[in-house]
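The values are calculated or read from the model by the stated rules, or taken from the named source; none is laboratory data. Because the structure is a prediction, the values reported are computed rather than measured. Counting neighbours? That spans all protein chains shown, and the Cβs are built from the backbone with ideal geometry, glycine included. The protein model used for the area step is the full one, side chains on, heavy atoms only, and it has no ligands, DNA or RNA in it. Shrake-Rupley method; radii C 1.70, N 1.55, O 1.52, S 1.80 Å.
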Amino acid sequence: MFFRRVIGSKENITAVRELALYLEEWKEPKVLPLLEKQRDLLDRLDGSDASDGPVKEELGKIAADLAELDFSMDSFWAELELLEKREGRGGSGTPTPASSADLGFTQAKSCWQSLLAGGQPFQLLHSRPLQMAGGFLRGVLEAIGAPHTDPRGIYVVSVIGAQSSAKSTLLNFLFGCGFAVRAGRCTRGLYASYLKPARGGQPMLVLDSEGLLSLGSEGGVFDGQIALMCMTCSHLVLVNHKGELSRQLQDLLEVCLFAVRHLRLARIQPRLAFVLRDQHDRSRAVHEDMLKQMRSHLEDAARTLGSPLHDLIMLDSTAVFLLPSAVTSELRQGQEVCWTSELFAREVLHLRSEVFRWLREDSCRRQGEGPSEFSSLATWFDYAAAVWETLEQFGEQLLHYRTIHEIELRRELADVAKSAVRDALDGSSEVGGAASGFHARARQMVDSFVARMHANPSKLDLETTDLELSRALACLRDEFVTQLEESFQERASDPRFSATAKEQAKQQIRTPIEWAFENHLYTWKLHLKKASDERAMHELWVHFTGVLNRHLAKSGHRSCLSEAESHELFESEWR
């Protein structure tokens, strides 16, 4: 109610901005003591030899208290979106447009539209687990839009990198954004800022992502989802990294290439550029050699995936920029004084010019390939929402790998498992030919029981025969499963295959044998039903032949029965 009164005021834009400042001031004296207490408890836990239950319990309470204080103005907008969704359904699934008007959602959208059009950052991925913003934000972005007279659409630039590597600071210096900047994890999920040049230039959407490779993240799948979201929804991705290019970063990019190739997500091939921070020795030759080496590894990884690297991403071997520290500090009269150095400002300006040069050149190159990928903010939002839905659905299956080497080993192990299963089902030439396979043995078993059944159609008990065949076929299945597991263990004895990967593969190889078992059992059931039906028809024929003979004997062997007499006779016998 309070937030709705704020956005319903005459000076709502100013009121919302002031509320954001007051909110941070209100949270600071509550958050800082909790963080201090958390550090003390962690130090106590560090010094203890055994796990301290009360300390861990207190840490859990502090984490819960910090989570309750982990909200911002974006939390209010997210709640407003949920409220509109609920009220728009009237609580019963029936749309009630009047309720939305009564609650002032139109005015709220107009207020937010003005804020976002002015460059205020907004949250696209929020909550835990991450969720994509919904229709409320989409309506605001659609109202902002990009100039319809500009066929080039909008540029999209994103940044990825480790936590606390000053990604938000970089974007704020490059494009004049207002992303939050502080120590620790200041960006959660994915934020964006819409920028429209004053002189009629091409509009731009800048994406600021949550830090990767951090201890507080949800692991490799989360890092891959964030990186892929930026790579597939951007024209240019700035890889912000403190220090030299690392193998950990290369592994993450390789796994992302694997996911992009298999999910077929990318509408465009994004350009990647590396920004190395806090570099005192900024001689480009050494770092360009490192980038060339990384590019070579990425090309090898793309080649193993069956696609050239330039079909997935664009990466120049010289696309590495070395930036000095953004902040310089020294002691003056006993106090620390901080400022932004002129050198950093000059290097950032140079990087900014390169960014726009890349965007212009790539845009010109793509003009002959068709219309713009993102003609408006709403078009981009719809595409990003579809990408995130795909990453939510399939990301766990593809992004849990740590390196491309692990992916290749899993593939090789899968080929070993397929070969072992194929030999078990169809037979191996090394062990008696095709007759030694499960299919052949099961087929012979079913055929022998069918022959027995037809040889003695009247004497054989079908239920007993069915039970006997089912047991024999199950024993054959178990025999082949045991042989298959032994064969797989022998073929997968290479020490390169981890025990975990082999155990996962071992659990899956039983399934094809089970399917084959069910198939042969179904074939037997068809034969059994046919024999059962034939026996039943034979018994009916014998029975009614006897009935007719007795009837004819009683009636003096008249040559025929009337239709009425035959119906009456059939009804009396059938009962």
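Its relative contact order, with pairs defined as Cα atoms under 8 Å and 6+ residues apart, puts the chain at 10 percent. Please list, in order, the residues from the stretch 324-356 whose amide nitrogen is less than 17 Å from a point placed 7 Å along the Cα→Cβ vector of Ser164. Zone members listed by number: 326-327.
Calculated FRET efficiency, Leu66 to His297, Cβ-Cβ distance, R0 = 56 Å: about 0.90 to the nearest 0.05.
If you restrict to DSSP beta bridges whose two residues both lie in the chain, what percentage is antiparallel, to the nearest 5?
Values: 17 of 39 bridges.
Close to 45 percent.
Computed from the Cβ-Cβ distance with R0 of 22 Å, the FRET efficiency linking Trp339 to Leu35 stands at 0.25.
Shown here: percent of Cα pairs over 34 Å apart, derived from the displayed model; of the candidates (i) 48; (ii) 55; (iii) 60, it corresponds to (iii). Each label was represented as a point 7 Å from its Cα along the Cα-to-Cβ direction; for Val327 and Tyr22 these points are 2.8 nm apart. Dividing the helix sum by the residues of the chain, where each DSSP H run of 4 or more adds -39500 (n - 2.57), gives a mean residue ellipticity at 222 nm of -21000 deg cm²/dmol.
Taking each residue as 0.36 nm, the span from Asp533 to Ala15 lengthens on full extension beyond its C-alpha to C-alpha distance by 178.1 nm. Spin-label model, His405/Arg422: points 7 Å from Cα along the beta carbon direction are separated by 2.8 nm. In the context of the full set of protein chains, the chain has a per residue accessible area of 54 Å² (1.4 Å probe). For Glu463 and Arg491, the FRET efficiency from 1/(1 + (r/R0)^6), where r spans their Cβ atoms and R0 equals 30 Å, is about 0.10. When the accessible area of the chain is split by element with a 1.4 Å probe, what percent falls to carbon and sulfur? Roughly 53 percent, rounded to a whole number. Of the cross-linked pairs Lys27/Lys61; Lys56/Lys242; Lys27/Lys167, those separated by over 22 Å at the C-alpha level are Lys56/Lys242; Lys27/Lys167.
Projected label points at Thr482 and Arg247, each 7 Å from Cα along the beta carbon direction, are separated by 4.4 nanometres. Taking only Cα atoms, what is the 0 to 90° angle, nearest 10, from helix 462-491's long axis to the longest principal axis of the chain? With both axes taken from Cα atoms, the answer is about 40 degrees.
For Gln504 and Cys364, compute 0.36 nm times the residue count separating them, minus their Cα-Cα distance, and round to one decimal in nm.
Values: separation 140, 0.36 × 140 = 50.40 nm, distance 4.85 nm.
Computed gain between Gln504 and Cys364 is 45.5 nm.
Residue-wise HN-Hα couplings along the stretch 279-290, as the Karplus relation 6.51 cos²θ - 1.76 cosθ + 1.60 with θ = phi - 60° gives them from phi, are 9, 7, 9, 9, 6, 6, 4, 5, 6, 5, 5, 4 Hz; Gly and Pro carry x.
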